[in-house]
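One structure is given below, encoded as structure tokens.
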């Protein structure tokens, strides 16, 4: 089961139209938070992904510059392990024609 949405942090906000407008450490109003969430819903929907998988794409692109920005990812079904274990080679994410 996936979470309902993703953490709202600098990386997430920087991938929205609010990147230069809203700082995640200074969100004090529910309306600001809701604006970011609604934008993320639109962006995820445009990619045909759930919000958590959309966030996973941008997270992987941020921590692993070997992947091209905007690539498509397949999340393999893995046993429950830590994120550190999942990101060690062999990678748990594949991009067509990339690391497998």
>> Condition first: free of Cβ contacts under 8 Å to residues at least 12 places away in the same chain and outside any helix (DSSP H, G or I). Now tell me which residues in region 1-16 satisfy that.
In response: 1
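Can you tell me which residues in region 35-48 are more than 18 Å from residue 62 (Cα to Cα) and not in a helix (DSSP H, G or I)?
Residues of region 35-48 more than 18 Å from residue 62 (Cα to Cα): 35-39, 41-42, 45-46, 48.
Hit for region 35-48 is 48, nothing else.
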>> Against the definition (over 21 Å from residue 63 (Cα atoms) and either surrounded by 12 or more Cβ atoms within 10 Å (Cβ to Cβ) or under 13 Å from the mean Cα position of the chain (by Cα) (or both)), how does residue 11 come out, yes or no?
In response: no
> Taking residue 5 and the conditions (1) at pLDDT 90 or above; (2) surrounded by 12 or more Cβ atoms within 10 Å (Cβ to Cβ), which numbered condition does it fall short on, given that it satisfies the others?
Replying inline: (1)
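Restricting to region 17-34, count the residues that are surrounded by 15 or more Cβ atoms within 10 Å (Cβ to Cβ), assigned to a helix (DSSP H, G or I) and either under 18 Å from the mean Cα position of the chain (by Cα) or touching a residue at least 24 places away in the same chain (Cβ under 8 Å) (or both). Spell out how you get there, then give the answer.
Of region 17-34, the ones surrounded by 15 or more Cβ atoms within 10 Å (Cβ to Cβ) are 18, 22, 24, 27, 32.
Going one step further and asking which of them are assigned to a helix (DSSP H, G or I), we end up with 24, 32.
Within this subset, residues satisfying the condition of being either under 18 Å from the mean Cα position of the chain (by Cα) or touching a residue at least 24 places away in the same chain (Cβ under 8 Å) (or both) are 24.
Residues flagged as surrounded by 15 or more Cβ atoms within 10 Å (Cβ to Cβ), assigned to a helix (DSSP H, G or I) and either under 18 Å from the mean Cα position of the chain (by Cα) or touching a residue at least 24 places away in the same chain (Cβ under 8 Å) (or both) within region 17-34 amount to 1.
The values are calculated or read from the model by the stated rules, or taken from the named source; none is laboratory data. These numbers come from a predicted model, not from an experiment. Cβ atoms come from the backbone with ideal geometry, glycine included; neighbour counts cover every protein chain shown.
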